[in-house]
Amino acid sequence: MISTHHRHGLAFIRGLVLAIAALAVLAARVAQAEPKYLGWNKVEACRELRELKEKLREGGQFDVNARAFLEETVLPQLALEDNRSLIEQTRKRIREVVLADVPDDKIYGEMSSAVAQFMTALARDGMADPVVRVNAMLLIADLKGRDGKPWPGAAPQLAAAAGDGDLPDAVRIAALAGIARQVEKSAGGENAEVIRAAVAGILEEPGNPSRGVEQEWLVSRALQIVPAVSKPLPQKLATTVAGIVTDETRSIDLRVRAAAALGSAADAASGVDAAAVVEAIRKLAVTTLETEERDATARRFEERYRRGGATAPVGQPGIGVDGMPIPVVDQAAPSEQACRRAAWRLYSLGTAILTTDGKQGLATLLGEAGGAAKQLAKELTEEGLRIDQTPDEDAVLDALDVLRPPVPGAKRAVRQPQAEEATPAQPKPADPNASPFDNPFP
């Protein structure tokens, strides 16, 4: 008779044998899944790839064997540790090598689809390295048609990934960057509906401080895409965008972009409370300038405290090594970059209310009651241009005097333009520093 202790021992051994067998099966599967060639350079030099390319050039089909070689040997290279240090180059070469010299449109589409399907699965693989997942999504975004434009067939996968809140933000950002490229070239084309749905989903996501930077990037890019795929704005989406403009917990730049999107895409049927949004824009413009003023004041206080309470201005003049005087430079004043950012914000808010040609913007939705809104738009755009031309603290403070509501009983500040600046000259488009047209924080 077998003792209880012995029976337990036999059970343990049987369990151990089964576990070893299972591991052996798993190891066999892994070995079977491992590509024949380890390292992209070996793939590019292999006989099979050369024969496949020759076959396709001669009119051959993308058959089962060709697909198997692609999926088992070529595409897995992106995830291999052997290629990790050159993953960006590997990503680029996979696209170039796989789709180069494919003369037939149908076969080109089939091969592009195979690449997109494989990389979609890899990007969604929670066990894969994050760098690999991001590059897999970027490879889908990099796919081009035979005309050199972004391949339209990639849009559904990109849109699905961009709108999937369960995916890591980095993967979603890569997907949305690809969507933006698609929209830039063709306004979404046949895929406008799926892109519009993905963008709307991103905008409707509640704010999450734990992923603030990533979420802000996604929402900002989605707002830039909105006018291209949702013009005019349907009521639900218009309400969502207007809510971002008025949400004081959101960042200034995000609210500015929301205002720009709303002003360029909303119409009378969008159901926007234009008067309320215009008032929110006025407050936002003042907040922008007050923030720069407050930051400069805080820097001055900190600098003077560091100097032991000295009241002299920061950057005392001195003598340089060449014997020439060193001019006073107030290091605590807003930087030129900060001023240009403020200029971009004001100008963008102004054109959201009314474009310079007077044909578009929230003010057009107010009818005869839009006079005050049009005046505000004029002040915002003019002050933005003035700050851009003279990016210093005085210009910021002057703009604040014009835009800030007056103290009750006091007369509202009105700028008295000099003759030569009655109509501010607009920056030349070719000038790389011509903010506000070139946003320093895209």
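Only the coordinates and a few stated rules stand behind these numbers; no lab work does. Quick caveat: nothing in here was measured; it's all calculated off a predicted structure. When we count neighbours, we look across all protein chains shown, and the Cβ atoms used for this are built from the backbone with ideal geometry, even at glycine.
The per residue volume of the convex hull around the alpha-carbon atoms of segment 53-182 is 99 Å³.
Around the amide H of Ser251, modelled in the peptide plane, lies no amide H under 5 Å away from a residue 5 or more places distant or on another chain.
Would you work out if segment 9-277 is rounded, prolate or oblate? Take a ≥ b ≥ c from the square roots of the eigenvalues of the alpha-carbon gyration tensor; rounded if a/c is under 1.5, else prolate when a/b is larger than b/c, oblate otherwise. Since a/c reaches 1.5 but b/c is at least a/b, the shape of segment 9-277 is classed as oblate.
With a cut-off of 13 Å between beta carbons, the residues surrounding Glu184 carry a summed charge of +4, where Lys and Arg count +1 and Asp and Glu -1. As a rough guide to protection, the peptides 130-139, 91-100 ranked by mean Cβ packing within 10 Å, highest first, stand as 130-139, 91-100. Across segment 241-249, computed HN-Hα scalar couplings (Karplus, 6.51 cos²θ - 1.76 cosθ + 1.60, θ = phi - 60°) run 5, 4, x, 5, 4, 8, 7, 6, 7 Hz from first to last residue, x flagging Gly and Pro.
Taking θ as phi - 60° and the Karplus parameters 6.51, -1.76 and 1.60, the scalar couplings of segment 214-227 work out to 5, 5, 4, 4, 4, 5, 4, 5, 4, 5, 5, 7, 3, x Hz in sequence order, x denoting glycine and proline.
I need the calculated FRET efficiency for the pair Val64 and Glu34, taking r as the beta carbon distance and R₀ as 25 Å, to the nearest 0.05. E between Val64 and Glu34, to the nearest 0.05, is 0.75.
Put simply, the amide H of Lys144, placed in the peptide plane, has neighbours under 5 Å in Trp151, leaving out anything fewer than 5 places away on its chain.
Between Asp401 and Ala276, the FRET efficiency from the beta-carbon distance, with R0 = 22 Å, is close to 0.30.
Starting from the Cα of Ala197, step 7 Å toward the Cβ, then list every residue of segment 154-171 with an amide N under 15 Å from that point. Flagged as within label range: 155-165. The length gained on full extension between Ser113 and Glu81, counted as 0.36 nm times the residue separation minus their Cα-Cα distance, comes to 9.0 nm. For Lys53, a cut-off of 17 angstrom between C-alpha atoms picks up these lysines, skipping any fewer than 8 places away in its own chain: Lys42, Lys106. Loop-only check: which trypsin sites (Lys or Arg not before Pro) in segment 145-254 are DSSP coil with at most 14 other Cβ within 10 angstrom? Counting only loop positions with at most 14 other Cβ atoms within 10 Å, the trypsin sites (Lys or Arg not before Pro) in segment 145-254 are Arg146. Protection proxy ranking of 339-347, 153-161, 45-53, by the mean of other Cβ atoms within 10 Å over each peptide's residues and highest first, is 339-347, 153-161, 45-53.
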